[in-house]
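A.B. asks: The structure is given below, and queries will be raised subsequently.
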Amino acid sequence: MPTSRPKRSTRAPRRPEVRARLERSRERVRARRQLARQREQLIAAAVKQYIAAWDAITDCETARDREIEDLRAQIAGVHERAAEQIATHRAQQALAAAAIREQGQTDDEVAELLEISAKQARQLITAARADTDSESSSAVNPPAPAPLTTKLPTAAESSAIVGHAQDGDADADAGPTGL
């Protein structure tokens, strides 16, 4: 068996024009393949970039959601503490209104002194009575109520208060002063 290659056909050698055309055609095919490889590489890089950005977005959203939950828990805590403090202050207001009422003032007079409506004054007095009733019924040996040490104003002090209230009528139109 012969180990040599078979010989080419005995065709006539190609003309230079044909060879040049074939070479240009091969070059175009090579260039197209190169462009296709570059496009594939660009596409693969873009896909990697997209997936990396998607992963980063997911991380950001997870961190954001965690922080929001932490902040909501803090907000709930603030609401609870404020509600407790407000309840304590409202109880103090109710006790103060009841103390004024116990000094012989009418509900309307209490309302006028506290610069609130008569309805609000009645609600405060009722709340103070309810708190007092619930405390006395729940206590086995309720402590004796502390005597009120409220000093009634003298005639001179009363006139000064009335004069001051008349000077502040313009301020009274603005509404309650935060009591």
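A.B. asks: Tell me the label-point distance for the pair residue 15, residue 99, using the 7 Å Cα-to-Cβ offset, in nm and rounded to one decimal.
C.D. replies: Simple spin-label model gives 12.3 nm for this pair.
A.B. asks: In the stretch 75-141, what percent of the accessible surface is made up of carbon and sulfur (1.4 Å probe, ligands and nucleic acids excluded)?
C.D. replies: For the stretch 75-141, the apolar C and S fraction of the accessible surface comes to 53 percent.
A.B. asks: Suppose the chain between residue 22 and residue 36 were pulled fully straight at 0.36 nm per residue; how much longer would it get relative to their current alpha carbon spacing?
C.D. replies: Between residue 22 and residue 36, full extension yields 2.9 nm more.
A.B. asks: May I ask for the percentage of alpha-carbon pairs in the stretch 1-139 that lie more than 25 Å from each other? Can you show the working numbers first?
C.D. replies: Numbers: 6784 of 9591 pairs.
Distances greater than 25 Å cover 71 percent of the Cα pairs.
A.B. asks: Here's a follow-up. On average over all directions, what projected area in square nanometres does the stretch 57-132 have, based on the convex hull of its Cα atoms? Could the numbers behind the result be given before it?
C.D. replies: Values: hull surface 27.2 nm².
If you wrap the Cα atoms of the stretch 57-132 in a convex hull and average its projections, you get 6.8 nm².
A.B. asks: Want the number for residue 43 to residue 58: 0.36 nm per residue separation, take away the alpha-carbon distance, what's left? Could the numbers behind the result be given before it?
C.D. replies: Details: separation 15, 0.36 × 15 = 5.40 nm, distance 2.23 nm.
Answer, rounded to one decimal: 3.2 nm.
The values are calculated or read from the model by the stated rules, or taken from the named source; none is laboratory data. Computed from a prediction, not measured in an experiment: that's the story for all the values here. Quick reminder, even Gly has a Cβ in these numbers, built from the backbone with ideal geometry, and neighbours come from all protein chains shown. For accessibility, only protein heavy atoms count, side chains too; no ligands or nucleic acids. Shrake-Rupley method; radii C 1.70, N 1.55, O 1.52, S 1.80 Å.
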